[in-house]
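Structure record follows, encoded as structure tokens.
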Amino acid sequence: MSSFERVRTLLSEELFTRTAGRIAVRQLVELRSQIVSLYALLSVNACALAFTHLGLAPAWLTLGCPAVFVAVCAVRTLHWWRMRPEAMSEAQAERHLRRTTILSAVLSVGFVGWAMALSAHGGPYEQGHVAIFIAITVIGCIFCLTHLPLAAFGVTLIVTVAFLIHCLTSGNGVFIAIALNTTFVTVVMVRILANNFRTFITLTRSQFEAQRLAEENARLALSDSLTGLPNRRAFFNELEAMTDASAEAEAPFALAIFDLDRFKPINDTYGHKAGDRVLQETGRRLARFTDAGVSVARLGGDEFGALIRLPADGADVTAICDRICEALRAPIRLGETLVTAGCSAGLAVYPEAGRGAAELFDRADYALYHSKLNQRGHTTAFSQEHENAIRTERAIEAALHSPDLAREIEVQVQPILDLRTNRVVMVEGLARWTHPTLGRIAPDRFIAAAERCGAIHRLTTTLLRRALSDATRLPPGIGLSFNLSSHDLASAETVIAIMEIVRESGFDPRRLTLELTETALMRDFERACDAITLLRALGIQIALDDFGTGYSSLSYVHRLPLDKVKIDRSFMADLHAPRGERIVATILDFCRNLDLPCIVEGVETEGQLRILRRLGCRSVQGYLIGRPVRMTTLLERLDEIEAGAVEERPAPRLIA
């Protein structure tokens, strides 16, 4: 590439960078220290040249002009010394570069014109000094203006052309040689400047690109790609910052978690693309609440979070969350279809609910759980009542790991009656736990706690071993029914342990029925099928418990190798009503058509029993037949239970 082409390329690079404000700021930063040196060089050289011409040239050339030049250089030096390029906007930086380029051209004309004027005075030494002044000055300008090549090239062109013309017209061979030599050196210096500036531009662009990529990666790492909201990491970063700031200033704030109530049915019915559109619309609606006091984020799935700085006007933060829930309850259009996802919220306020980020989030999540359970579609604020419940649950979880658990927990049995023979054909083993300090703990409570804390394997195997040990005392015609947790089928270790316990017990596996809930099957359907196949291969029967309460129960009856079903006790409440009776009759007919034995739970009145007999129900279970009691008590009163069924009168209420 020729020197002319390099200069042309350099100018195009310079013009390009003039549109890149960030590079303009970087140029100013580099120029700040160099231009101060340039003005110092010009001032010293001008004073030296004026000194050698004192008495040989007019005073206005030796005193007046240098004084003006030095004053201008001093003012510009002070200006650049005070300049703070880092604080400038990109537009300001570009304006400064343009002014510097123009001023460089003006000063170069002034200095070279003054030097040419001085060359007419004095002898060959003084004229030689002028040549040296011009050569040194142009080389100094090239070096000092490396990061502003347009100005450097302008100064070089003006000074070199003027000096070359002056020397060529003088007719002096020495001056002509000096001018040509200076021009050659200047061209080489310009070429070096072009290469250096190109390297500077390339390096600067690389740095900016690396910074852009780093910022983009940081943005992507802290944002949710689907909704555009901050993600879970960003949410917890802000939460940590707010807890730290609030700890110093004692400024209260609230953490809220929002969960869509009907997202899964929408996703399953209309597909994942429709589910994504619901989440995107939810994100847009939440974003409308974002302001200086509220920030929102997507925590994952259909769960969103909000951090709310408590308003100074004393507005109720629960009301703010309820307004968000109301906005999320509005229908969402999916093509020609309108769907309503609904929303529930859990709320925790700093510092009442906790002072740590994790503690606050757990409290809000706990409140959300209660909101979904008790007042779906609204906001539940974490309270002292919830705190007490958490402490109790922690105590239960700790007690589940106690070595005394096996002595404290017991299995009681409840009879299941065959209405055709009026004989007890099966008993269901039910866990009962009385703790020395916590007292009587409800089964649903300690089983849920065992699932949470990982103690369910120990609990299941302990209870099954106890139940099978008691069941060996049952008459040969009576079987045992035992409930499995939703976590049991998902654990290969637990399934294998169940099979070993059954083998070791000596109890005939064909007399054992394991009850599974729909929840247990939904956790991992394929793994549940494999576990059921193994258990049935041993001779164990499988029953679907709480039949009719889940929206997909029929599909499980169709797809699974079940041996019997148990109709949930909730259907007994409306059995006396025509509609309730028809529903139970339909379920019984359904089971008969599939040749599946059916057990109705929750029978508590003689009227319910009469209706079930009329509907052709085969097996019943409930307080009317017998309450859960210890095995010894059941065996003692077995005849009474069966006699009461024959006479169609309330059976004795057995007390444990």
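The values are calculated or read from the model by the stated rules, or taken from the named source; none is laboratory data. Since the structure is predicted, the reported quantities are computational estimates derived from the model, not experimental observations. Cβ atoms come from the backbone with ideal geometry, glycine included; neighbour counts cover every protein chain shown.
Before moving on, here are some points about what is shown:
- Asp568 surrounded by 16 or more Cβ atoms within 10 Å (Cβ to Cβ), touching a Gly at 6+ places or on another chain (Cβ under 6 Å) and modelled with pLDDT under 90: yes
- Those residues of region 261-275 which are in contact with a helix residue (DSSP H, G or I) (Cβ under 9 Å, 6 or more places away or on another chain) and among the charged types (D, E, K, R), in sequence order: Asp261, Lys264, Asp268
- Screening Trp114 against (1) farther than 17 Å from Ala48 by Cβ; (2) crowded, with 18+ Cβ neighbours inside 10 Å; (3) of a type in the set (Phe, Trp, Tyr) leaves a single unmet condition, (1).
- Taken over region 423-464, the criterion of being at pLDDT below 90 and of a type in the set (S, T, N, Q) is satisfied by Thr437 alone.
- Residue check for Thr633: buried (at least 17 other Cβ atoms within 10 Å of the Cβ) and hydroxyl-bearing (Ser, Thr, Tyr): yes
- Flag for Thr183 being of a type in the set (Val, Ile, Thr), over 30 Å from Asn237 (Cβ atoms) and free of Cβ contacts under 8 Å to residues at least 40 places away in the same chain: yes
- There is at least one residue in region 31-45 that is closer than 26 Å to Ala194 by Cα, out of contact with any Cys (no Cβ under 7 Å at 6 or more places or on another chain), among the small types (Gly, Ala, Ser) and modelled with pLDDT of 85 or more.
- Test: residue in region 423-435 that is outside the structural domain of Ile320 (by TED's automatic domain parsing) and outside any strand (DSSP E or B): no
- Strands (runs of 3 or more DSSP E) fully within region 439-539 counting 2 or more residues that are surrounded by fewer than 14 Cβ atoms within 10 Å (Cβ to Cβ): 439-441
- Ile165 being assigned by TED's automatic domain parsing to the domain that holds Met189, exposed (fewer than 15 other Cβ atoms within 10 Å of the Cβ), modelled with pLDDT under 80 and in a helix (DSSP H, G or I): yes
- Residues that are more than 18 Å from Val296 (Cβ to Cβ), in contact (Cβ under 8 Å) with a residue 60 or more places away in the chain and assigned to a helix (DSSP H, G or I), drawn from region 247-264: Ala247
- Long-range neighbours under 8 Å by Cβ, at least six apart or interchain, first residue in contact (Cβ under 8 Å) with a residue 40 or more places away in the chain within region 561-588, second among the acidic types (Asp, Glu): Lys566/Glu515; Lys566/Asp545; Lys566/Asp546; Lys566/Glu601; Arg569/Glu601; Met572/Glu601; Met572/Glu604
- Long-range neighbours under 7 Å by Cβ, at least six apart or interchain, first residue within 17 Å of Phe482 (Cβ to Cβ) within region 517-531, second modelled with pLDDT under 80 and not in a helix (DSSP H, G or I): Thr517/Ser486; Thr519/Ser486; Ala520/Ser486
- A single member of Asp574, Asp545 is surrounded by 20 or more Cβ atoms within 10 Å (Cβ to Cβ), within 19 Å of Val600 (Cβ to Cβ) and at pLDDT below 90, and it is Asp545.
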